[in-house]
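Report on the structure given below.
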Amino acid sequence: MQNFNRVISGFFNLVISPFKTMDPIWSLALFSLIIGIIMLIIFRYTSDQQKIRETKSKIRAYIFELSLFKDEIGIVLSAQKNIFNYNLKYIKYALKPMLFMMIPLVLILIQLESWYGHRPLKPDESAIVSLKLREGGHTLSDITLKAGEGIIVETPPLRIPDQNEIDWRIRARETGDQDLTFNMPGEEIRQKVIVSEKGLVQVSRLASASASGFTDTLLNPALRHLPGDSQVEQIKINYPAKSIEIYKWHVHWLVIVFVLSIVFGFALKGLFRVEI
Amino acid sequence: MMQSSKFGLRSAILFSVYIAVMLVSAGCGQNEAPSHAGPGGTDKKMIIIGFDGMDPNILKNLMAEGKLPNFKKLSESGGFKPLATSIPPQSPVAWSNFITGMNPGGHGIFDFIHRDPERIFPYLSTSRSESASKTVKIGKWVLPLSPGKVSLLRQGKAFWEYLSENGIETTIFRVPANFPTTDDKARQISGMGTPDMQGTYGTYSYYTDEDTDKFENLSGGKVFPVDVFKNRVRGRLPGPINTFRKGTPESRADFTVFIDPENPVAKVSVQDKEIILKEGEWSDWIRINYELLPYMQKAGGIVRFYLKEVRPNFKLYVTPVNIDPSDPALPISTPKDYSGKIAESVGLFYTQGIPEDSKALSELVLEDGEFLDQTNIVFGEEQDMLGYELGRFRSGLLFFYIGRVDQLSHMFWRTMDPKHPAYDSGSKLKLVIENAYIEMDGVLGRVLDSINGDTTVIVLSDHGFAPFYRAFNLNTWLKDNGYAHLTGDSEGEFFQNVDWDRTRAYGVGFNGLYLNLKGREFKGIVGPGDREQLLDEISEKLLSIRDPKNGEQIISRVYKAEEIYSGPYLKDAPDLIVGYNKGYRASWETVLGSFPKEILRDNRQKWSGDHLMEAALVPGILLSNKEIKSENPALSDMAPTVLEEFGIPKQEGMIGESIFKDEKPGNK
């Protein structure tokens, strides 16, 4: 899974590279175009295009019938029943390609979330760093945190024993990849904290976790894996949420991708000869 | 098919071009360009800085000591004079004089507190909010069929409305008595009078496991007893009244505090936010969402947490839930998105009318140093916002208000006045008020540095300051002198125990005295023909009262409304306006219709300086870089002054004259 993630992340990194210093809307537009095209291709080759075409024709015909015989209540009701039935059929024919689309779509969206969901800390911005221990390992009071020069640890440790959790508040001082070092008996873990003023950077709130978590690995492409014998279950850095600004409105990236990929899909369906 | 394909390709290209154009526009979207000359085409520039409560005597002394170089520079360039305040010298009244150029008879604001003569019930004078008039009830839910309403009760046209009509760019920053902001083209954000999300002037929340018996008769906040269990504290943060529920309960947001077993540090977890605070630390602003109608209606506010103590006792203070300026639930700015633009530039900020939480200090929830820290947060925000406004100011008028001197003078007079009953000779805070003046000198310096030679700068305050040594219970005095009668022995509040069939006069607000007049009050007994004689009689007696402690006159002047007010709202004025001598003021209890046992008591509270006295004793300040020609300038002169600076004549109803105009005999 880790290698798979590495390949996919590498691809996304490559695509995003030219856009890293530009407004994120550009790269999101490109990904929306790619998603739109991928969805069209999948739809074309996994759906029964002929049946979809026929079904849509039928629906159009019954709508025409509705307008022709709007004074004939019997015909109107029958046409409405037929429109409803053919709509159900259309959904049935669209279901299979939808299922095929889901897998690549989820993988793409997970990647995009790691680029556009959160952003690095800015200088002078603070965040909570949480470390969770595995059951039966060290005690929380054994753990200390040291920060490199670009980070300040602002608070003493806040320990929550019944959750095996220990938290600190850190504050970024300088841009760059800053170091945190967690020390505990027999183990030292280094954790990178990304501090950046602008530009697209892949960050994950779940920064490090033990290798066993498949779901965590899948959902957090930027996740760093801890050694198998580590007593630490996970390390989280509470990076701030990122929002994209369009015309002074703050919009979630998913909304932009959703809208633009639909727009691109419909715009290009003729070019790809796809009946949607 | 071929044709269809060609059409598809063409539409795809067109679509792509369209999307690209949209993206370019979005990607290149910049912040609003700074304003240049307004549509009126004027390049005239004027900046007015309003320092609430700045006193001419203190200012003069500190200038003489060389501690206020910028004030000195300004006074040398155009002049420094005392500025006659309003009668009574209360901020909402005084700033309404400033805004309209009228006296209270013209703008209708006579006191912080007015009363409804139909019920003799006190209410806040500057704004009113009304729920939806038509609703439908479904189970436990109440759905509105018409919108609710918030209205500004200040009457009279604001001077900036005339400026807007003449196309002059105007920004009015937090002037009191302007909530909701007026509906015109001037950029405005509301100030004093703006409520918090609970509809009050600021209700803090305090969570503690210490003995809460000492917190009684709280008026500025709520104390919630909590238990620390397994190093956790659970609390509920009260929010706005939920008018969508039957019985209009208070909405709440749950939070949990995790405390470290040894270290003085805690984590507050509220909704999807987490913050870690050390003991003695304030959090940044946190957005809280209150769900009023599931999935349909939410109300958002902002709070700051202050972790006062972790152990031996847990003590957590939470600010009043302020209206979120980035998504305001009530009309705090014009245009509506103006508050959001400020927040975007400088971050979230206090929006409640008086952000300094003096009640939390008075009620011993915050200590002196903690209150100062809180006011420093407010001042920091004000400085950021001043920087934002100065940065975008190109022409027209900028008015900017700062209430710091007023609030610190109220709360720390006791630290510098050995005659004050609450004076502590060992206090380390003796210079708080002086330092506030020095800070304002810094603010002024920043303004002066930002302007060029053709900008007119005016610095003014709405009133000065004086000590508040002794509190006078006006209603008790009226009772003891046979003008008011009670149905029982209790002190009561909101006039609940008053025998209106026998009461001839009552006091409401800080300086108002009303007769129980036939045809006006709901159970009036004083006939119109007896009014004059009764007013004369009461006035004479009030002026003759002496303090048994030192023989001093307590009330130095009493005005009849018709002697000092003019305009359409004279009918709503108190019959008498009581002007207290320096050192005296109406008690907190009497202003809301309570009848404490004693007539006078020492003021041992933290709220130790005041100005709710005879207006002539507490004038404000006026400085300008342009020669002040008026001999006796007054607040009501400011509106005509501003208009004339922009070439607009004085408007009907305005009683003053431009301060830059040569005074002719009989002008004032």
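The values are calculated or read from the model by the stated rules, or taken from the named source; none is laboratory data. These numbers come from a predicted model, not from an experiment. Every residue, glycine as well, gets a Cβ built from its backbone with ideal geometry; the counts of neighbours run over all protein chains shown. Note: accessible area is taken over every heavy atom of the protein model, side chains too, but ligands, DNA and RNA are not part of it. Shrake-Rupley method; radii C 1.70, N 1.55, O 1.52, S 1.80 Å.
The C-beta contact set for the stretch B:179-190 (first residue more than 20 Å from residue B:109 (Cβ to Cβ), second residue hydroxyl-bearing (Ser, Thr, Tyr), distance under 6 angstrom, 6+ apart or interchain) comprises B:185/B:164; B:187/B:171; B:187/B:338. Taken residue by residue, the stretch B:624-639 has at least one member that is of a type in the set (Ser, Thr, Tyr), more than 30 Å from residue B:423 (Cα to Cα) and open to solvent by less than 10 Å² (accessible area, probe 1.4 Å).
Residue-wise test of (1) in a loop (DSSP other than H, G, I, E, B); (2) open to solvent by 10 Å² or more (accessible area, probe 1.4 Å); (3) more than 22 Å from residue B:88 (Cα to Cα); (4) at pLDDT below 95.
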{"site": "B:483", "(1), (2), (3), (4)": "yes, no, yes, no"}
{"site": "B:490", "(1), (2), (3), (4)": "yes, yes, yes, yes"}
{"site": "B:500", "(1), (2), (3), (4)": "yes, yes, yes, no"}
{"site": "B:513", "(1), (2), (3), (4)": "no, no, no, no"}
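Just one residue in the set B:330, B:316 is in a strand (DSSP E or B) and either surrounded by 17 or more Cβ atoms within 10 Å (Cβ to Cβ) or not aromatic (Phe, Trp, Tyr) (or both); that residue is B:316.
Among the strands (runs of 3 or more DSSP E) confined to the stretch B:571-645, there are none with at least 3 residues that are touching a His at 6+ places or on another chain (Cβ under 6 Å).
The residue of the stretch A:245-274 that is least open to solvent (accessible area, probe 1.4 Å), among those that are modelled with pLDDT under 90 and either on the phi < 0 side of the Ramachandran plot or more than 7 Å from chain B (Cβ to nearest Cβ) (or both), is A:246.
For the stretch B:457-473, the set of residues classified as open to solvent by less than 10 Å² (accessible area, probe 1.4 Å) and not aromatic (Phe, Trp, Tyr) consists of B:457, B:458, B:459, B:460, B:461, B:462, B:463, B:464, B:466, B:471, B:473, listed by residue number. Criterion applied to B:5, B:16 was being modelled with pLDDT under 95, in contact with a Gly (Cβ under 7 Å, 6 or more places away or on another chain) and within 14 Å of chain A (Cβ to nearest Cβ), and the one residue passing it is B:5. Which of the residues belonging to the stretch B:277-299 are open to solvent by 10 Å² or more (accessible area, probe 1.4 Å) and within 14 Å of chain A (Cβ to nearest Cβ)? Correct list: B:278, B:279, B:280, B:281, B:282, B:284, B:285, B:286, B:287. The single residue among B:53, B:78 that is in contact with a Lys or Arg (Cβ under 8 Å, 6 or more places away or on another chain) and in contact (Cβ under 8 Å) with a residue 60 or more places away in the chain turns out to be B:78. When A:174, A:149, A:188, A:197 are screened for being free of Cβ contacts under 8 Å to residues at least 40 places away in the same chain and not in a strand (DSSP E or B), only A:149 passes.
Could you list, in sequence order, the residues of the stretch B:352-367 that are open to solvent by 20 Å² or more (accessible area, probe 1.4 Å) and either part of a helix (DSSP H, G or I) or in contact with a His (Cβ under 7 Å, 6 or more places away or on another chain) (or both)?
From the stretch B:352-367, those open to solvent by 20 Å² or more (accessible area, probe 1.4 Å) are B:354, B:359, B:362-364, B:367; that's our starting set.
Selection gives B:359, B:362.
When B:527, B:519 are checked against the criterion of being among the small types (Gly, Ala, Ser), out of contact with any Phe, Trp or Tyr (no Cβ under 7 Å at 6 or more places or on another chain) and over 18 Å from residue B:562 (Cα atoms), B:519 stands alone in meeting it.
Out of all the residues in the stretch B:211-233, which are in contact with an Asp or Glu (Cβ under 8 Å, 6 or more places away or on another chain) and in a loop (DSSP other than H, G, I, E, B)? Give the derivation first.
Here is the first cut: in the stretch B:211-233, the ones in contact with an Asp or Glu (Cβ under 8 Å, 6 or more places away or on another chain) are B:215, B:218-221, B:225-228, B:230-231, B:233.
Within the stretch B:211-233, B:215, B:218, B:219, B:220, B:226, B:227, B:228, B:230, B:231 qualify.
So which of A:108, A:151, A:128 ends up being buried (at least 17 other Cβ atoms within 10 Å of the Cβ), among the hydrophobic types (A, V, I, L, M, F, W, C) and within 14 Å of another protein chain (Cβ to nearest Cβ)? Talk me through it step by step, then tell me what you get.
Details: A:108 fails: within 14 Å of another protein chain (Cβ to nearest Cβ); A:151 fails: within 14 Å of another protein chain (Cβ to nearest Cβ).
Result of the check over A:108, A:151, A:128: A:128.
Can you tell me how many residues within the stretch A:13-60 are away from chain B (no Cβ under 13 Å) and either acidic (Asp, Glu) or in contact with a strand residue (DSSP E or B) (Cβ under 7 Å, 6 or more places away or on another chain) (or both)?
From the stretch A:13-60, those away from chain B (no Cβ under 13 Å) are A:13-18, A:20, A:34-35, A:38-39, A:41-52, A:54-60; that's our starting set.
Narrowing further to those that are either acidic (Asp, Glu) or in contact with a strand residue (DSSP E or B) (Cβ under 7 Å, 6 or more places away or on another chain) (or both): A:48, A:54.
Qualifying residue count, the stretch A:13-60: 2.
Quick grid of which residues meet (1) at pLDDT 95 or above; (2) among the hydrophobic types (A, V, I, L, M, F, W, C); (3) outside any strand (DSSP E or B):
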residue: A:114; (1), (2), (3): no, no, yes
residue: A:135; (1), (2), (3): no, no, yes
residue: A:138; (1), (2), (3): no, no, yes
residue: A:155; (1), (2), (3): yes, no, yes
residue: A:167; (1), (2), (3): yes, no, no
residue: A:170; (1), (2), (3): yes, yes, no
residue: A:181; (1), (2), (3): yes, no, no
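Conditions tested, residue by residue: (1) touching a residue at least 40 places away in the same chain (Cβ under 8 Å); (2) touching a His at 6+ places or on another chain (Cβ under 7 Å); (3) open to solvent by 70 Å² or more (accessible area, probe 1.4 Å); (4) not hydrophobic (A, V, I, L, M, F, W, C).
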| residue | (1), (2), (3), (4) |
| --- | --- |
| A:17 | no, no, no, yes |
| A:22 | no, no, yes, no |
| A:35 | yes, no, no, no |
| A:38 | yes, no, no, no |
| A:43 | yes, no, no, no |
| A:47 | yes, no, no, yes |
| A:54 | no, no, yes, yes |
| A:65 | no, no, no, yes |
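Out of B:207, B:201, which single residue is aromatic (Phe, Trp, Tyr), at negative phi and open to solvent by less than 30 Å² (accessible area, probe 1.4 Å)? Selected residue: B:207, the only one of B:207, B:201 that is aromatic (Phe, Trp, Tyr), at negative phi and open to solvent by less than 30 Å² (accessible area, probe 1.4 Å). Residue A:204 fulfils the conditions (1) away from every other protein chain (no Cβ under 13 Å); (2) over 27 Å from the mean Cα position of the chain (by Cα); (3) crowded, with 18+ Cβ neighbours inside 10 Å except for a single criterion, (2). Only one of the listed residues (B:256, B:243, B:248) is outside any loop (DSSP other than H, G, I, E, B) and among the polar types (S, T, N, Q). That residue is B:256. Against the conditions (1) charged (D, E, K, R); (2) open to solvent by 30 Å² or more (accessible area, probe 1.4 Å); (3) away from chain A (no Cβ under 14 Å), residue B:308 satisfies every one except (2). Scanning the stretch B:260-276 for residues that are within 8 Å of chain A (Cβ to nearest Cβ) and not charged (D, E, K, R) yields B:261, B:263, B:264, B:265, B:266, B:275, B:276.
Identify all residues within the stretch B:177-207 that are under 15 Å from the mean Cα position of the chain (by Cα), at pLDDT 95 or above and aromatic (Phe, Trp, Tyr); write none if there are none. If the condition is that a residue be under 15 Å from the mean Cα position of the chain (by Cα), at pLDDT 95 or above and aromatic (Phe, Trp, Tyr), then B:179 is the only one that fits. Filtering A:159, A:171 for residues that are within 14 Å of chain B (Cβ to nearest Cβ), open to solvent by less than 50 Å² (accessible area, probe 1.4 Å) and of a type outside the set (Phe, Trp, Tyr) leaves a single hit, A:159. With respect to residue B:67, is the statement that it is touching a residue at least 24 places away in the same chain (Cβ under 8 Å), of a type in the set (D, E, K, R) and in a loop (DSSP other than H, G, I, E, B) true? When the stated conditions are applied, residue B:67 passes them.
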